[in-house]
1. Express in % the proportion of alpha carbon pairs of segment 55-207 at distances exceeding 25 Å.
2. Per DSSP H run of at least 4 residues, take -39500 (n - 2.57); add these up for the chain, divide by its residues and hand me the 222 nm value, nearest 500 deg cm²/dmol.
3. Report the normalised scattering of segment 79-138 as log10 I(q)/I(0) at q = 0.18, 0.26, 0.29 Å⁻¹, calculated by the Debye formula with identical scatterers on the alpha carbons.
4. Looking at the chain, what % of its DSSP beta bridges pair antiparallel, to the nearest 5?
5. Return a whole-number percent for the relative contact order of the chain, with Cα pairs under 8 Å and 6 or more residues apart as the contact set.
6. Can you compute the equivalent ellipsoid semi-axes for segment 1-97, i.e. the square root of 5 times each eigenvalue of the Cα gyration tensor, sorted largest first and rounded to whole Å?
7. Please give the helix 170-187 orientation as an angle from the longest Cα principal axis of the chain, in degrees from 0 to 90, rounded to the nearest 10.
8. Please arrange 142, 124 by counting, for each residue, the other beta carbons lying within 10 Å of its beta carbon, fewest first.
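Laboratory data are not the source of any read-out in this text; all were calculated from the coordinates shown. Remember, predicted model here, so these are calculated numbers, not experimental data. When we count neighbours, we look across all protein chains shown, and the Cβ atoms used for this are built from the backbone with ideal geometry, even at glycine.
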């Protein structure tokens, strides 16, 4: 049941992150994803990541992170023969995903109107920074550009650090998830075809509903509040004896339980902390009182005791610590691939954050070397070894 998209073929013409991350989701749910890469250089992500040796091999960590299970072919789409080959593949596919700047595919004769003539049932998904139309449609955009113009950076950090970029390319990944969701929805109406226009900017704004609605409905201007949850108090990051801890006592009963656990029932009687609104208004005073007690105990002890009485709490961990934790190890999030061709080493990468009937969706094959599946995929079109060699010599594949 994890292979819910089995029988669906996706042509992945995307680069770097938003598009590849979209197709990463589709591959893990069973779709056959054929990654169509520029001949000679491939996806730019093949040269990106923290390991220079892998970058030189065109198997960069950034590429490995979201391309497991995909097949790789090479095509020069600016070459007429290359464009014709893509059209032939479109005739045998269900989905095409691209993240070129708006207008590029049309200039190549490979836009939605061109390809729907080849395959009326095609689901065509275009991912861009600002959408396919509008005043910014032709502007180049990377994740950090979107984070800035979306207002996300303005509300990340605190008075002393904002505007601040988030710690990973959140605009790219949100855009990719939005695209994957829309594609899956379109596939539910098999055979009709659809043109999906995903704006990374709009995708990010759509996920910021609480913050945006506070402005649109209540007239509250969004601001950077650091680690404080402005909807409640005490709710945020607190100092413990060894490391920070997050506590979210958002309900009155949780606040009462927290005060009891800390031995500070006296706080419940103070007028400045009596109601939710009182606690929000006096949150920094309340924080100081709570940290007098949390600083005496370790984060682990606090989490254990608070969770036991129904108060949401968790240690503030770094990435290696949570990946090593049994809560992740027991859930099948990490996939291991031994001796990956092209990389020359074992690799571990994350799967998806979902389970289907208790099982983690997965793929069998590791990320592929550039053009590794040319013979297989083009062979389906009746192209034999001799013609493949000729196409290579002509710079088509």
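1. Values: 4624 of 11628 pairs.
Of the Cα pairs, 40 percent sit more than 25 Å apart.
2. The helix-only estimate for the chain comes to -10000 deg cm²/dmol at 222 nm.
3. Evaluating at q = 0.18, 0.26, 0.29 Å⁻¹ gives log10 I(q)/I(0) of -0.62, -1.11, -1.26.
4. 40 percent
5. So the answer I get is 19 percent.
6. Details: eigenvalues 98, 75, 14 Å².
Calculated on Cα positions only, the semi-axes equal 22, 19, 8 Å.
7. It is inclined by approximately 60 degrees.
8. 142, 124
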